[in-house]
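One structure is given here, and the rest of the page talks about it.
The values are calculated or read from the model by the stated rules, or taken from the named source; none is laboratory data. Being a predicted model, the structure only gives us computed values, none of them experimental. Note: ideal-geometry Cβ built from the backbone for every residue, glycine included; neighbour counts use all protein chains shown.
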Amino acid sequence: MRIGTISDLHIDRSKDYYPQDFEFILSKEIARLKLDVLLIAGDVSNHYLQTIQFVQNVKQQSNIEVLFIPGNHDYWKSEQEEKTSYEIFEYYKSQPESIIGSPYIINDEWAIVGHSGWYDYSFADHDKFSLERLEHRKYYGSTWLDKEHIDWGKSDLEMSKLAAASVKNDLEQVKDKNIILMTHIVTHKKFAVPMPHRIFDYFNAFIGTSDFDQFYEIYPIKYSIMGHVHFRNIIEESGIQYICPCLGYQREWRTKNLETEIQNTIQIIEI
Ligand SMILES: [Fe+2]
């Protein structure tokens, strides 16, 4: 079985391609690579309806199983939006393609567990910044934009703990199998922006969480997929592959061609 992974498509942020182009090119790539399942690790767009529509369209066009979890951008809302952030979360959770709170059993040997996860500030330079300063989510004239577009009614540290509790519950259900874990938020410090760094000594606070560390010790996780940081990289450590398959914003691409970039981004897990 061939499982493709991709993240951070940001289909609404390209100046040369429409969301339909992303759907068409991604579906074409799924066929070329002969994938059986596609995992999308969040940040499809800045609006939940657009994100869900995209996931459904790719599923329909490619005719394979498409599973996803939302990223922080997928939770963003405009001022006119009537749903609360929590209602948007619940809406995602109710979608058949979402695996939050419902592990996907592939067969007797393999299962997929997923959650957006949330950042717990632990990746920042704590010698330089107090918790209070990080909670401000503003530094060097830049605001971390989740502050303006998402309101959980809880602290980020509490959100990270809630996400970890949900994932632990799911992992318990499938611990007799090999596990593919998918998050949006980074769970391995090697994917943080290397420090010292002028601004990421601060902004790394919002990249990752350490609340998942224990899971890699306790549960048979073989692959850990994540996005958010816009890297394309694989790390292998203690028999676990950590995969960060981010397409990223068009300005971050190495070429101007979406097809080439998607080809260079998708990582395949063969089981
Ligand atoms: Fe993100």
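If you scan segment 40-50, which residues turn out to be within 12 Å of the ligand (Cβ to nearest atom) and either of a type in the set (Val, Ile, Thr) or surrounded by 24 or more Cβ atoms within 10 Å (Cβ to Cβ) (or both)?
Selection gives Ala41, Gly42, Asp43, Val44.
Of everything in segment 194-248 that's more than 16 Å from the ligand (Cβ to nearest atom) and part of a helix (DSSP H, G or I), which residue is surrounded by the fewest Cβ atoms within 10 Å (Cβ to Cβ)?
Only one residue fits best here, namely Glu217.
Would you be able to tell me the number of residues in segment 119-145 that are surrounded by 21 or more Cβ atoms within 10 Å (Cβ to Cβ) and assigned to a loop (DSSP other than H, G, I, E, B)?
Within segment 119-145, residues that are surrounded by 21 or more Cβ atoms within 10 Å (Cβ to Cβ) and assigned to a loop (DSSP other than H, G, I, E, B) number 5.
Pairs needed: first member in segment 196-225, acidic (Asp, Glu) and at pLDDT 95 or above; second member anywhere, buried (at least 20 other Cβ atoms within 10 Å of the Cβ) and part of a loop (DSSP other than H, G, I, E, B); C-beta distance under 7 Å; at least 6 residues apart or different chains.
That search, which allows pairs on different chains as well, returns Asp201/Ala124; Asp211/Asp120.
Every residue in segment 12-51 that is in contact with a helix residue (DSSP H, G or I) (Cβ under 8 Å, 6 or more places away or on another chain), within 23 Å of Thr84 (Cα to Cα) and among the aliphatic types (A, V, I, L, M), please.
Val44 - this is the single residue of segment 12-51 that is in contact with a helix residue (DSSP H, G or I) (Cβ under 8 Å, 6 or more places away or on another chain), within 23 Å of Thr84 (Cα to Cα) and among the aliphatic types (A, V, I, L, M).
Of the residues Gln20, Gln80, Gln50, Gln60, only one is under 22 Å from Thr183 (Cβ atoms) and free of Cβ contacts under 8 Å to residues at least 60 places away in the same chain; which?
Exactly one of Gln20, Gln80, Gln50, Gln60 is under 22 Å from Thr183 (Cβ atoms) and free of Cβ contacts under 8 Å to residues at least 60 places away in the same chain, namely Gln50.
Within segment 21-36, identify whether any single residue is within 16 Å of the ligand (Cβ to nearest atom) and surrounded by 16 or more Cβ atoms within 10 Å (Cβ to Cβ), and answer yes or no.
no
From the residues in segment 60-84 that are crowded, with 19+ Cβ neighbours inside 10 Å and outside any loop (DSSP other than H, G, I, E, B), which one is farthest from the ligand (Cβ to nearest atom)?
Per the stated criteria, the residue is Ser62.
Restrict the check to segment 92-103 and report whether at least one residue is in contact (Cβ under 8 Å) with a residue 40 or more places away in the chain, closer than 20 Å to Gly227 by Cα, in contact with a strand residue (DSSP E or B) (Cβ under 9 Å, 6 or more places away or on another chain) and within 16 Å of the ligand (Cβ to nearest atom).
The answer is yes; a qualifying residue exists.
State all residues of segment 91-118 that are surrounded by fewer than 18 Cβ atoms within 10 Å (Cβ to Cβ) and outside any loop (DSSP other than H, G, I, E, B); if no residue qualifies, say none.
Passing the criteria: Tyr91, Lys93, Ile105.
So that you can scan it fast, the table gives a plain yes or no per residue for (1) under 15 Å from Asp120 (Cβ atoms); (2) aliphatic (A, V, I, L, M):
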residue: Lys189; (1), (2): yes, no
residue: Ala192; (1), (2): yes, yes
residue: Met195; (1), (2): no, yes
residue: Tyr216; (1), (2): no, no
residue: Ile221; (1), (2): no, yes
